[in-house]
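The values are calculated or read from the model by the stated rules, or taken from the named source; none is laboratory data. Quick caveat: nothing in here was measured; it's all calculated off a predicted structure. When we count neighbours, we look across all protein chains shown, and the Cβ atoms used for this are built from the backbone with ideal geometry, even at glycine. Side chains are part of the model used for accessible areas, which takes the heavy atoms of the whole protein and leaves out ligands, DNA and RNA. Shrake-Rupley method; radii C 1.70, N 1.55, O 1.52, S 1.80 Å.
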Amino acid sequence: MSTLRPCSRQTCRRPAVATLTYVYADSMAVLGPLSGAPEPHSYDLCEVHADRLSAPQGWSVLRISAPADEAPLFGA
Ligand SMILES: [Zn+2]
């Protein structure tokens, strides 16, 4: 089992479900599934904060979907 990490927003106590990584070379914020290990330039976000994410001026946001086996309404 993976270790639960909290959302990186200070006032937030929800568990993180996504990892935000800033790619400075491309001015891109990449939001993907929670990474296995914390990384220096990444931030863990809960689903609320991941959903509300907005990129800084001049930056773009790339959202990467969670793996299929974590999608709750997928299958049948
Ligand atoms: Zn949060």
- prompt: Among the residues of region 1-25 satisfying the criterion of being more than 16 Å from the ligand (Cβ to nearest atom), without any contact (Cβ under 8 Å) to a residue 24 or more places away in the chain and outside any strand (DSSP E or B), which is farthest from Glu47 (Cα to Cα)?
  reply: Ala25
query: Which residues, taken from region 37-63, are free of Cβ contacts under 8 Å to residues at least 24 places away in the same chain and either assigned to a strand (DSSP E or B) or open to solvent by 80 Å² or more (accessible area, probe 1.4 Å) (or both)?
result: Glu39, Pro40, His41, Ser42, Asp51, Arg52, Ser54, Gln57
